[in-house]
Amino acid sequence: MDLSEMSQEDQAGQGALRYQLGFANEFATEALPGALPQGQNSPLKPPYGLVSELVSGTAFAAPRSLNRRSYVFRIRPSTISQPFEQLDSGNFLTPPLPIEPSPTALRWGPANIPDSHADFLDGVLTICGNGSPNSQAGLAIHLYRANASMRARAFANADGEMLIVPQQGAIHVVTEMGRLDVTPGELLLIPKGMKIRVELPGASSRGFVCENFGLPFVLPELGVIGSHGLANAIDFHAPMAAFEDDDSPVQLVHKFAGKLWTTELDHSPFDVVAWRGNWTPAKYDMRRFAAMGAAIVDHPDPSIYCALTSPSSDVAGGNADFMILPPRWLVAENTFRPPGYHRNSVAEILALIQGSNESRAGPFPPGSLSLHNHWTAHGPDVKTFEAARNAVLQPQKIDETLIVMWESRYPLEIAPAAMEVSFRQKAPAQGWAGFKKRFPGSE
Ligand code: FE2
C-alpha cells in the first residue's frame with residue numbers, strides 16, 4: 001500500500017490509544033496492513049522490507065505456561081554497531097546496597113519533584129533492595145520524580161522487569177511494542193530488556209518502580225477462590241504496534257549487571273511495525289482489582305490482595321509479591337477492622353497511592369512509603385487502635401484508599417541517599433508508643 005495514504009498520526013499510532021486485552025496472551029498486532037507475516041516467523045523477505053527479530057524473555061525451552069517470547073518485525077535489527085560506555089548511575093543503585101538490612105521501621109513522606117531538569121531516568125532514587133541482577137533474585141524499590149519527557153533518549157533494563165506505579169501525574173510510555181498511557185491508579189509492567197521512552201503529558205510525574213531481578217511477574221494461582229477474582233487477566237492492556245521511522249540520533253541507556261551503559265543509535269529504536277507473542281508491556285487499572293475479604297469474622301492474610309507474583313519459594317516467600325488494597329467493604333462481625341498487629345517472615349514495602357491508610361493516624365499522605373523488614377512487628381498506631389476498638393461495627397466502605405505493597409523473602413538493604421533525603425520521616429515508630437495496658441481488664 002502507499003504509505004502516503006496514511007496520515008502521520010496513523011503511522012505513529014498517536015491519538016486515543018487502543019489496546020489488546022489480556023495478560024501474556026498470544027497477541028498479534030500490526031501498525032500497517034499486512035506487516036505481520038502469516039504462517040511463519042522468518043520469511044525470506046518480510047513485508048515492507050522489515051526484518052524479523054526474536055525476543056526471548058525466558059529460556060527457549062521454558063514450559064509453555066511460563067514461556068515469554070515475541071517475534072518483532074522492525075525497520076532495522078536491534079544490533080548496535082558502537083561500543084557501550086559506562087555512565088554515572090547517580091542515585092539509581094543496584095543491590096547489593098551499602099547499608100545492611102535494618103530491623104528498624106522506616107518511612108518516607110512524598111518525594112519532592114526536582115527543581116532542575118529531570119526526566120524519568122534522571123529522577124530515579126533507589127530506596128531499598130535485595131538479591132542482585134547477577135544472581136537473578138531479589139528486587140529493588142525506587143522512586144521516580146520527573147519534570148521533563150525523555151527526549152532523543154531510550155532506556156532498556158536488562159537487569160530487571162520493571163513494575164512502574166505512577167502516584168501523581170500521568171506518563172505516556174513509548175515502547176518497542178507500542179504506546180501506553182498510564183495514569184495514577186494504574187500500573188505498568190515492562191519486561192526485562194524492553195526499550196522505553198517515558199514522556200510526560202503534564203508538568204511532572206512521580207511514583208514508584210519495582211525492579212524485579214527474579215522470575216517474571218505472573219498472576220497468582222487462585223486456589224479455592226476459583227476461576228476468577230483478584231486481578232483478572234482480561235483487565236490487563238497490552239499495546240498495539242506503533243512505530244517511528246526516524247533517523248535522528250538517539251541515546252540508548254542500557255542498565256546491565258548493576259551499571260548504566262550508554263551508546264548512540266542513528267535511528268529510533270521504536271521501529272517495530274508489527275509483532276506477535278506474549279513478551280510485551282502491559283498496564284492494569286488497579287481500581288479494577290476484585291478484592292476478596294472476610295464475610296463473617298477476622299482478617300484473611302494479605303496474600304488475598306496479591307495481584308502479581310514473582311515466584312520463589314512456597315514456604316519462604318515470593319521473590320516479589322505485589323499486593324493491591326483498593327477501595328472495598330469491611331463487614332466482619334466482632335472484628336477489629338484495620339489490619340492488626342503482625343510479624344512476618346518476609347519484608348514488606350507499602351506505598352500509599354491515593355487517599356489514606358486505615359492503620360495509620362499519623363502523617364502518611366499519598367506518595368508515602370514504609371518499610372518493615374523481616375520480623376519487624378507492625379500494625380495500627382495507638383490512636384488508630386483506640387479508635388478502632390471502640391468503633392460501632394456496621395458495614396463500612398473504605399472509599400478513599402489505594403495502597404500497594406511489595407513483599408519479598410529476602411531482607412532489604414537500604415540505599416544511602418534514601419536515608420539522607422529530607423522527606424524521610426525520622427521517628428515513624430513513635431506512633432506505637434504509649435500503648436495503654438488494660439490487663440487484667442474485663443472488656
Ligand atoms: Fe504488614
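Once Lys and Arg get +1 and Asp and Glu get -1 on their Cβ, which of ILE324, PRO43, VAL182 lies farthest toward the positive end of the dipole of the chain?
Working it through, the farthest residue towards the positive pole turns out to be ILE324.
Let me check I've understood the local charge: for LEU350, count other residues with C-beta under 11 angstrom from its C-beta, Lys and Arg +1, Asp and Glu -1. What total comes out?
That works out to 0.
For LYS397, list the aspartates and glutamates whose Cα falls under 14 Å from its own Cα; do not include residues on the same chain fewer than 8 positions away.
Straight-line reach from LYS397, under 14 Å: GLU358.
Give the share of C-alpha pairs in each 10 angstrom bin for segment 287-426, from 0 to the last occupied bin, in whole percents, shortest bins first.
Histogram of Cα-Cα distances, whole percents per bin: 11, 39, 38, 11, 1.
Please work out the FRET efficiency for the pair TRP375 and SER227, using the Cβ-Cβ distance as r and a Förster radius of 60 Å; give the result to the nearest 0.05. Show your work: numbers first, answer last.
On the way: r = 36 Å, r/R0 = 0.59.
Efficiency, rounded to the nearest 0.05: 0.95.
Once the piece of chain linking ALA387 and ARG76 is laid out straight, how much longer is it, given 0.36 nm per residue of separation minus the C-alpha distance between them? Walk me through the numbers before you get to the answer.
Details: separation 311, 0.36 × 311 = 111.96 nm, distance 6.27 nm.
Roughly 105.7 nm would be gained on extension.
List every residue whose amide H lies under 5 Å from the amide H of GLY178, counting only residues 5 or more places away in sequence or on a different chain, with H placed 1.01 Å from N in the peptide plane.
Excluding prolines and chain starts, which carry no amide H, the hits are ALA242.
Can you spot the lysines whose alpha carbon is less than 24 Å from LYS426's alpha carbon? Ignore those fewer than 8 places along the same chain.
Once the sequence-local lysines are set aside, what remains near LYS426 is LYS383, LYS436.
Quick check on packing: order 105-112, 21-28 by the mean number of other C-beta atoms within 10 Å, highest mean leading. Provide the component values of the computation, followed by the final result.
Working: 105-112: 19.5, 21-28: 17.2.
Result, highest mean Cβ count within 10 Å first: 105-112, 21-28.
List every residue whose amide H lies under 5 Å from the amide H of TRP261, counting only residues 5 or more places away in sequence or on a different chain, with H placed 1.01 Å from N in the peptide plane.
Hits under the 5 Å cutoff: LEU87, HIS254, LYS255, PHE256.
Rounded, prolate or oblate: which fits the chain when a ≥ b ≥ c are the square roots of the eigenvalues of the alpha-carbon gyration tensor, with rounded for a/c under 1.5 and prolate only if a/b beats b/c?
Since a/c reaches 1.5 and a/b is larger than b/c, the shape of the chain is classed as prolate.
Arrange the peptides 73-85, 137-149 so that the one whose residues have, on average, the most other Cβ atoms within 10 Å appears first.
Details: 73-85: 14.1, 137-149: 23.7.
Ranked by mean Cβ neighbours within 10 Å, highest first: 137-149, 73-85.
Using the Cβ atoms and a cut-off under 9 Å, what net charge is assigned to the surroundings of ARG151, where Lys and Arg are +1 and Asp and Glu are -1? Walk me through the intermediate numbers first.
Details: positive: ARG153, ARG197; negative: ASP119, GLU199.
Charge balance in the 9 Å sphere: 0.
First check a/c for segment 343-389, with a ≥ b ≥ c the square roots of the eigenvalues of its C-alpha gyration tensor; if it is under 1.5, answer rounded, and if not, answer prolate when a/b is larger than b/c or oblate otherwise. It would help to have the intermediate numbers written out before the result.
Values: a/c = 2.71, a/b = 1.16, b/c = 2.33.
Taking the square roots of the gyration eigenvalues as a ≥ b ≥ c, segment 343-389 is oblate.
Amide H to amide H under 5 Å from GLN20: which residues, 5+ apart in sequence or cross-chain, H placed 1.01 Å off N in plane?
The answer is ALA238, MET240.
Per DSSP H run of at least 4 residues, take -39500 (n - 2.57); add these up for the chain, divide by its residues and hand me the 222 nm value, nearest 500 deg cm²/dmol. Before the final figure, lay out each step's value.
Numbers: 3 runs with 18 residues, N = 443.
Mean residue ellipticity, 222 nm, calculated: -1000 deg cm²/dmol.
If you take the square roots of the eigenvalues of the alpha-carbon gyration tensor of segment 80-185 and sort them as a ≥ b ≥ c, do you get rounded (a/c under 1.5), prolate (a/b over b/c) or oblate? Don't skip to the answer; put the middle values down first.
Numbers: a/c = 1.62, a/b = 1.16, b/c = 1.40.
It comes out oblate by the Cα gyration axes.
Counting Lys and Arg as +1 and Asp and Glu as -1, each charge on the Cβ, what is the dipole of segment 287-426 about the Cα centre in debye, to the nearest 20?
Values: 12 positive and 14 negative charges, 55 e Å.
Roughly 260 debye, rounded to the nearest 20.
Taking θ as phi - 60°, what are the ³J(HN,Hα) couplings along segment 105-121 by the Karplus curve (6.51, -1.76, 1.60), each to the nearest whole Hz, with x for Gly and Pro?
5, 10, 8, 10, x, x, 7, 6, 7, x, 6, 7, 4, 8, 8, 3, 6
Can you find, among LEU252, GLY355, GLY340, the residue sitting farthest towards the positive end of the charge dipole of segment 234-391, where Lys and Arg contribute +1 and Asp and Glu -1 at Cβ?
Farthest towards the positive end: GLY340.
In the neighborhood of SER368, defined by Cβ-to-Cβ distances under 9 Å, what is the net charge if each Lys or Arg adds +1 and each Asp or Glu adds -1?
Details: positive: ARG107, ARG360; negative: none.
Surrounding charge for SER368 is +2.
Using a Gaussian network for the chain with springs between C-alpha atoms less than 10 Å apart, which of these wobbles most: GLY367, GLY223, GLY431?
GLY223
May I ask you to derive the relative contact order of the chain, considering only C-alpha pairs under 8 Å and at least 6 residues apart, and to give it as an integer percent?
Values: 1141 pairs, mean separation 89.7, N = 443.
Taking the mean separation of contacting Cα pairs over the length of the chain, I get 20 percent.
What does the highest-first list of 417-428, 313-324 look like by mean Cβ count within 10 Å? Intermediate results must be reported in sequence, preceding the final value.
Numbers: 417-428: 14.2, 313-324: 19.2.
Descending packing order for the listed peptides: 313-324, 417-428.
Each reported figure results from applying straightforward, stated rules to the coordinates on display, with no laboratory input. Fair warning: this is a prediction, and the values are worked out from it, not measured in the lab. So basically every Cβ, Gly included, is an ideal-geometry build from the backbone, and we count neighbours across all protein chains shown.
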